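One structure below.
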Amino acid sequence: MHIGYKARDFPNGIYGSNLYGDHDLDVDWFDIIWAAITVGKRNSNQINQHGVFSAYEMAHRVSLVWLSLRMSSGRLIRTGVYDNMDPTEKSFVSFSMGMLTSKLFVHKLLDVHWLEHVSSFDKTLLVNPNTKSRPDLIGVNKNGDFVIVEAKGTTNNYSEKNQKKAKDQVKVISTINGVPPVLRVASQSYFHPSLEVFFQDPVRTDEDQSISLIGEKGSYFSSYYSGFGFLLSDEMRVFESLGVEVGISDEFMRLIKAGEYDSIYDLSRDSCFDGGYKVFPDGIMIKLDESIWGDQKMSLEPSNR
C-alpha cells in the first residue's frame with residue numbers, strides 16, 4: 001500500500017530526496033499495526049500497573065485501525081464506520097491516525113524506531129509556562145540521537161492552522177540533556193481522499209519561551225517497553241479475536257529483563273520476516289491472520305469482512 005506525503009524543509013544534503021518534495025511511502029498492515037500499538041500514551045503508570053489493561057489498551061488501537069481504514073487501489077481510505085462517527089469520535093480517531101502516521105514516517109524515513117510521549121521521558125515537565133504548549137512525542141534514532149515530534153491528525157483535508165500549531169510546538173523544547181534534538185518534526189495526517197501526510201522540519205527560531213528536557217536513555221527505553229510486560233502471560237489472548245500476535249525478539253527481551261536499556265538501540269536492525277512474524281528494529285514482532293488482515297478482506301467495509 002502507499003501513503004502519499006509532502007516533505008518540507010528537511011536538509012536535503014543530509015536526508016536525501018525522499019525528504020524533499022512529494023512522494024509515496026510504501027507500507028503494509030504489519031507496519032500499521034506495529035505503529036498503532038507502539039506509540040501514544042499507553043505508558044501511563046495507571047495502565048502499566050496491570051498488564052491486562054495494557055493489553056486491552058493496545059488491542060483498542062488495533063480495533064480502531066480495523067474499523068476506520070480500508071484499502072482501495074493501493075491507498076488507505078476512511079471506512080463508512082469512520083464517516084458515520086459523531087464529531088467527538090472522529091476527533092479521537094483522527095488524533096490516533098496522526099500518532100500512528102508519525103511513528104510510521106519517522107521510522108521509515110528518519111530511522112527513528114522508538115517514539116513515545118514526552119511526559120514518559122521527563123515526568124517533571126508539564127507545559128511551557130509562557131506558551132502553555134509542548135510537543136507530543138520524543139524519539140530516538142538508531143544512532144541514539146533524540147528527535148522531537150508533534151503529531152496532528154484531521155478527518156478531512158490538510159489544515160494550515162494545525163500545521164502552524166505543530167511547528168510552534170516542536171520549537172518549544174530547546175535541548176535534551178543540554179543538547180539540541182537533531183530534528184524537530186511537525187507531522188500532520190489527513191484524508192484527500194486517501195490518507196496522506198504533511199511532514200516538516202520547521203526552521204528553528206530564537207525565542208525566550210523554550211524549555212529543556214532532562215532524562216536518561218535507560219529510563220526512556222524502560223518506559224517504552226513497559227507496556228509489553230504482559231506478553232509472556234495469558235493476557236495475550238486479548239489479541240486473538242483481532243487476528244494479531246505480538247512478541248519481542250529474544251535479544252531485546254534479554255536486555256529488557258536485565259535492565260540493560262542503554263544498549264537497546266545497538267540491536268537495531270532492518271525490518272524482516274521470521275516465522276510468519278515481521279520483526280521491527282525495536283524488537284517488537286507482529287504476526288497477522290491473513291483471513292482477517294488480507295488485502296482482499298481489508299478492501300471491504302468492516303460489516304462485509
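The values are calculated or read from the model by the stated rules, or taken from the named source; none is laboratory data. On a predicted model such as this, the values are computed, not experimentally measured, just so you know. Counting neighbours? That spans all protein chains shown, and the Cβs are built from the backbone with ideal geometry, glycine included. For the accessible areas, the whole protein counts, side chains as well, though only heavy atoms, and no ligand, DNA or RNA atoms are used. Shrake-Rupley method; radii C 1.70, N 1.55, O 1.52, S 1.80 Å.
Which residue out of Thr101, Thr38 is modelled with pLDDT of 95 or more, among the hydroxyl-bearing types (Ser, Thr, Tyr) and buried (at least 19 other Cβ atoms within 10 Å of the Cβ)? Exactly one of Thr101, Thr38 is modelled with pLDDT of 95 or more, among the hydroxyl-bearing types (Ser, Thr, Tyr) and buried (at least 19 other Cβ atoms within 10 Å of the Cβ), namely Thr101. When Ile264 is tested against (1) free of Cβ contacts under 8 Å to residues at least 40 places away in the same chain; (2) not in a loop (DSSP other than H, G, I, E, B), exactly one condition is not met: (1).
Inspect all residues belonging to region 258-267 and state whether any of them is under 23 Å from Leu115 (Cβ atoms) and exposed (fewer than 12 other Cβ atoms within 10 Å of the Cβ).
Taking region 258-267 as the starting set, the residues that turn out to be under 23 Å from Leu115 (Cβ atoms) are 259-267.
Narrowing further to those that are exposed (fewer than 12 other Cβ atoms within 10 Å of the Cβ): 259, 266.
Yes, there is a match, as at least one residue in region 258-267 is under 23 Å from Leu115 (Cβ atoms) and exposed (fewer than 12 other Cβ atoms within 10 Å of the Cβ).
Only residues that are open to solvent by 10 Å² or more (accessible area, probe 1.4 Å), hydrophobic (A, V, I, L, M, F, W, C) and modelled with pLDDT of 80 or more were counted in region 212-234, giving 1. Apart from one condition, Arg254 fits all of (1) within 18 Å of Asn143 (Cβ to Cβ); (2) charged (D, E, K, R); (3) open to solvent by 40 Å² or more (accessible area, probe 1.4 Å); the exception is (1). Selection within region 279-290: residues that are open to solvent by less than 20 Å² (accessible area, probe 1.4 Å) and outside any loop (DSSP other than H, G, I, E, B). The member of this set that is farthest from Gly74 (Cα to Cα) is Ile284. For the condition buried (at least 20 other Cβ atoms within 10 Å of the Cβ) and modelled with pLDDT of 85 or more, Ser187 qualifies. Exactly one residue out of Val140, Val106 is in contact (Cβ under 8 Å) with a residue 60 or more places away in the chain, in contact with a strand residue (DSSP E or B) (Cβ under 6 Å, 6 or more places away or on another chain), aliphatic (A, V, I, L, M) and part of a helix (DSSP H, G or I), and it is Val106.
Here Tyr82 fulfils each of the conditions (1) under 19 Å from the mean Cα position of the chain (by Cα); (2) surrounded by 17 or more Cβ atoms within 10 Å (Cβ to Cβ); (3) not basic (Lys, Arg) apart from (1). Residues that are open to solvent by 70 Å² or more (accessible area, probe 1.4 Å) and assigned to a helix (DSSP H, G or I) within region 151-167 comprise Glu160, Lys161, Lys164, Lys165, listed in sequence order.
Output the residue which, of all residues in region 270-305 that are touching a residue at least 12 places away in the same chain (Cβ under 8 Å) and among the acidic types (Asp, Glu), is nearest to Tyr224 (Cα to Cα). Among them, the one singled out is Asp282.
Might you check whether a residue that is open to solvent by 50 Å² or more (accessible area, probe 1.4 Å) and aliphatic (A, V, I, L, M) occurs anywhere in region 291-300?
Scanning region 291-300, I find at least one residue that is open to solvent by 50 Å² or more (accessible area, probe 1.4 Å) and aliphatic (A, V, I, L, M), so the answer is yes.
Of the candidates Ser174, Ser73, the single residue that is under 24 Å from Tyr15 (Cα atoms), surrounded by fewer than 23 Cβ atoms within 10 Å (Cβ to Cβ) and either modelled with pLDDT of 95 or more or touching a Ser or Thr at 6+ places or on another chain (Cβ under 7 Å) (or both) is Ser174.
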